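No lab work stands behind these numbers, since they all come straight from the coordinates. For clarity, every value in this text was computed on a predicted model and none was experimentally measured. Cβ placement follows ideal geometry from the backbone for every residue including glycine, while neighbour counts extend to all protein chains displayed.
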């Protein structure tokens, strides 16, 4: 048995000709893949919408619905448009091949298909599909559907750009001592529930969580997708986080557990946002003074004995309805001038 | 001297990559399907259906090349590329010639199948 170049996938072969269908199915099965087949485009689309496939091998010349129509339908289908398609045909005319590629086909193999070439092309396509699926899964976990969508269309190139946005840092007060006083599995369970609540509050207001560290979260409002009222969105998200933690504490109290307390710092302004890392592993992040300030404000909640602290730029972007208490200028490490700090009333919305 | 109906190297390569047993199954499928295709060509010609004529010739070309029936494949390709003219002329001669070459191919494939 020859060595497999890549792990097997679930493939769909579409061809109206039985000999072609059998032959291609056989070649792919010999390469270790699991293969289903359809005899025209209409049947193929039904199968694709019903079951999950990793790759489509598509013939062009077919009655009922030909390959071009299938490619068009796939391109217009949000669920299926990322499915890699390899066209296997003996089309006459380069313009037809060009049309396949323009309609989104990943590759074109002319029939009779060379098994070696087939294997290589399928290996590459499946690998690409796997990477795309991984990226989508990451996006699904860390961003709102809108952001995930935007990133998918704009691509994942490394490099940053200057944006105006709001950054929020939050964490659980006294988490270390809490974690030490209870069994580890309880700590993980607590964190999971906590994260779920916080993610809801953050993405519900258009924010993106860019960093998770222990009990700490960093999130950005206004990048990668611009948000007109990023300051107010961040503050409203913070208020909702506090409210959700209060509700969570009612449950904890009923179960005889101590309440948790959180601290939140928000700063707004210019920052560099983008992907950093390597081409293999990258993360979306924001860098700059504004980000540092948000982190300092969060730390300062302990000193100020307030739950939510914001900077002047964030305060000036808020509507009147949100009650803000000026706490005066505070000298922060790394800042040459003292910074005006404001506390937001968590309940005043 | 006419070229062999089946190119031995192509047929051997097919057997090599997909397995002897499978090739028997594949040949049987082709021998079942090809007469229908020839029939479809005649019907498309009579009905002046150039698209159907072209598509059928295309399928036959593709299958012929798979087994190394290179002459049959070339003839089918010629019909595919000139389908409109062939249909408007309406002459059965090109399809008759194709059917005759197919008989040669079918005999050769049957022999190889039992080999």
Which order, highest average first, do A:90-103, A:284-297, A:61-74, A:42-55 follow once you tally other Cβ atoms within 10 Å for each residue and take the mean per peptide? A:284-297, A:61-74, A:42-55, A:90-103
For helix B:50-67, what angle does its Cα long axis make with the longest principal axis of chain B, in degrees from 0 to 90 and rounded to 10? 20 degrees
Quick check: the angle from helix A:145-154's long axis to the longest principal axis of chain A, C-alpha only, nearest 10 degrees? 60 degrees
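Suppose R0 equals 35 Å; then what is the FRET efficiency for residue B:16 and residue B:96 from their Cβ-Cβ distance, rounded to the nearest 0.05?
On the way: r = 35 Å, r/R0 = 0.99.
So, using R0 = 35 Å, E works out to roughly 0.50.
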Round to the nearest 0.05 the FRET efficiency obtained for residue A:335 and residue A:7 when R0 = 41 Å and r is the Cβ-Cβ distance. 0.20
Take the alpha carbon atoms of the range B:1-78, find their center, do the same for the range A:160-209, and report the distance between the two centers in whole angstrom. 65 Å
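Starting from the exponent 0.38 and prefactor 2.2 Å, build the expected Rg for the protein assembly as shown from its residue count and divide its actual Cα Rg by it. It would help to have the intermediate numbers written out before the result.
Details: Rg = 32.8 Å, N = 464, 2.2 N^0.38 = 22.7 Å.
Against the empirical 2.2 N^0.38 Å value, I get 1.45 for the protein assembly as shown.
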Output field shielding_mean for A:214-224 (other chain Cβ, 10 Å radius) holds 0
For chain B, the longest principal axis of the Cα atoms and the Cα long axis of helix B:20-46 enclose an angle in degrees, to the nearest 10, of 10 degrees
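Assuming 0.36 nm per residue, please report the length gained on full extension of the stretch residue A:182 to residue A:95 beyond their Cα-Cα distance. Show your work: numbers first, answer last.
Values: separation 87, 0.36 × 87 = 31.32 nm, distance 6.85 nm.
Extending this stretch completely gives an extra 24.5 nm.
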Highest-MSF residue in chain A out of A:254, A:201, A:38 [GNM, Cα springs under 10 Å]: A:254
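What order, most packed first, do the peptides B:44-56, A:318-330 have when packing is the mean number of other Cβ atoms within 10 Å of each residue?
Working: B:44-56: 17.9, A:318-330: 12.7.
Highest-to-lowest ranking by the protection proxy: B:44-56, A:318-330.
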GNM on chain A, Cα springs under 10 Å; top mean-square fluctuation among A:207, A:269, A:256 goes to A:256
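Rounded to the nearest 500, what is the 222 nm mean residue ellipticity of chain A from helices alone, with -39500 (n - 2.57) per DSSP H run of 4+ residues and division by all residues? Numbers along the way, then the final one.
Working: 11 runs with 152 residues, N = 349.
Counting only the DSSP helices, I get -14000 deg cm²/dmol.
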How far is the Cα center of the range A:296-335 from the Cα center of the range B:92-107, in Å? 89 Å
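Given a Förster distance of 25 angstrom, what is the FRET efficiency for residue A:192 paired with residue A:287, based on the Cβ-Cβ distance and rounded to 0.05? Intermediate values should be presented prior to the final figure.
On the way: r = 29 Å, r/R0 = 1.15.
Once the sixth-power term is evaluated, E becomes 0.30.
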Taking a virtual spin label 7 Å from the Cα of residue B:9 along the C-beta vector, which residues in the range A:111-135 bring their backbone nitrogen under 18 Å of it? A:112-117
Among B:89-99, B:104-114, the order from most to least packed when residues are scored by Cβ within 10 Å on average: B:104-114, B:89-99
